[in-house]
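The values are calculated or read from the model by the stated rules, or taken from the named source; none is laboratory data. These numbers come from a predicted model, not from an experiment. Positions of Cβ are backbone-derived with ideal geometry, glycine not excepted, and every protein chain shown enters the neighbour counts. Note: accessible area is taken over every heavy atom of the protein model, side chains too, but ligands, DNA and RNA are not part of it. Shrake-Rupley method; radii C 1.70, N 1.55, O 1.52, S 1.80 Å.
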Amino acid sequence: MPRIQRVKLTCPELADYFRRAFRPRGEWLVGIEVEMMGREAATSRPLAYESAGPSVRRVIEAYAAARGGALVLEGDRPVGIDGAWGGITLEPGGQVEWSSRPARDLTELATEIDAHLTAMRGVAETVGVSWLDVAVDPSTPLADMHWMPKARYGIMRGIMAKRGRLAHRMMTQTASVQCAFDYASDADWTRKFRAAALMTPIAVALFANSSRVDGKESGWASYRQAIWRETDPDRCDLPDIVFAPQFGIDAWVEWVCDVPTLFLRRENGLIASGGTPLRPLLSRCGCDAVTMEDWELHLSSIFTEVRSYGYLEVRSADLQPGPLVLAVPAFWAGLLYDDGALDDALAMGRIFDDPAKWRRGMDEASRNGLSGRVDGVPIARLAAAVIARSSAALASGAACAGSGAGVEALSRLARAKDLPQAVR
């Protein structure tokens, strides 16, 4: 393994990490991550990593046998797959997360999603598992969950238990659909980040799919959102700086540097960092200096509704049943990849453009979904207008090429959610 270079990093250099990822419009891609929770088909029990019957390890091996790819190992244990079709990683409770290859358009992404879901159905038959199609385990007691043998989660398990009452439920019993989008400049990054943030309450209501927990109704349309509220206040939700006039890449980096770190990468693997914020660690030199690998690792522990790597990631959608998965990236691509739709998203989101207003909107959307109201306005009406705008941008071809599949996905979503006929 090559020796990791250790030189002292500064906040401007960390900000350049995002600026080096600028892509011209003609090179914008779209990606998706889909998490799914497996249960033993015969008993509905959660899967252990290894067992005599169905297991997470067998799921990984069966998926690799079906689609190819190199097993990713920790010690002698496969904990993921690296394939030409994307990657598989394990979440703490055995959730199987598929990350697509970046796709040129939604039609290509639809093909990738279909191939993955087909493979997952085949794995289910081979191994003897069933896949939950909701975003929170509806019935399994938290105490019955198994933990995956990954170093990252061994560190996180103890730390996160002290940070939030529901942190372990978040880690082991939730699943989501996350989408990734490119940006072209500082201004484009900021506009997309803010638009995605302001549209998050609408997306939460639209894709709410986790009302049951512990065998009963939770009182939330998206109990997954309730779980995130009691996970870790330092790294979840959205910081107030997102709503400030001066918000941009540099302000984001300053905020991220003050979030407590969970771990650092050293030559022997991950080590616990003791919860020290990144900023004081930047002054270290020599073997203890923070590296860009540490920076990327820290970014992966930022669990805000919108976050950034060399792309913007939107994280607000509950896991959807298979036929509705494509609607999540379609919803966002129509809004974020067309300049006119992006302007309109920022305008429509003014009702949430303040930390207190945004959190009230999130609360109403999380509790009541599309039945909720914001300032007397039905969320369903707001959602219908946003879907109509996204669909129009896709249909015009302005958002991205090959968007016919996205338009159909949004139409399917509108029918499934019984939104007004005008947006279908």
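Numerical summary
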{"item": "Spin-label pair D144/T10, simplified geometry with 7 Å Cα→Cβ offset, distance in nm", "result": "5.6 nm"}
{"item": "Region 1-137: relative contact order in percent, alpha carbon pairs under 8 Å with at least 6 residues between", "result": "29 percent"}
{"item": "Per residue accessible area in Å² of the chain, where ligands, DNA and RNA are left out and the probe is 1.4 Å", "result": "39 Å²"}
{"item": "Dimensions (Å) - the chain, Cα atoms, principal axes, largest first", "result": "56, 54, 40"}
{"item": "Value of relative contact order over region 12-70, rounded to a whole percent, pairs C-alpha under 8 Å and six or more apart", "result": "13 percent"}
{"item": "Largest-first ellipsoid semi-axes for region 314-408, taking √(5λ) over the Cα gyration tensor eigenvalues, angstrom", "result": "24, 16, 11"}
{"item": "The chain - mean residue ellipticity at 222 nm from DSSP helices (-39,500 (n - 2.57) per run, n ≥ 4, rounded to 500)", "result": "-13000 deg cm²/dmol"}
{"item": "Region 72-220 - Rg (one decimal) and Dmax (whole number), Cα, Å", "result": "17.6, 49"}
{"item": "Carbon plus sulfur fraction of accessible area for the chain, probe 1.4 Å, in percent", "result": "51 percent"}
{"item": "Cut-off under 5 Å, modelled amide H: who pairs with I32 long-range", "result": "S100, A180"}
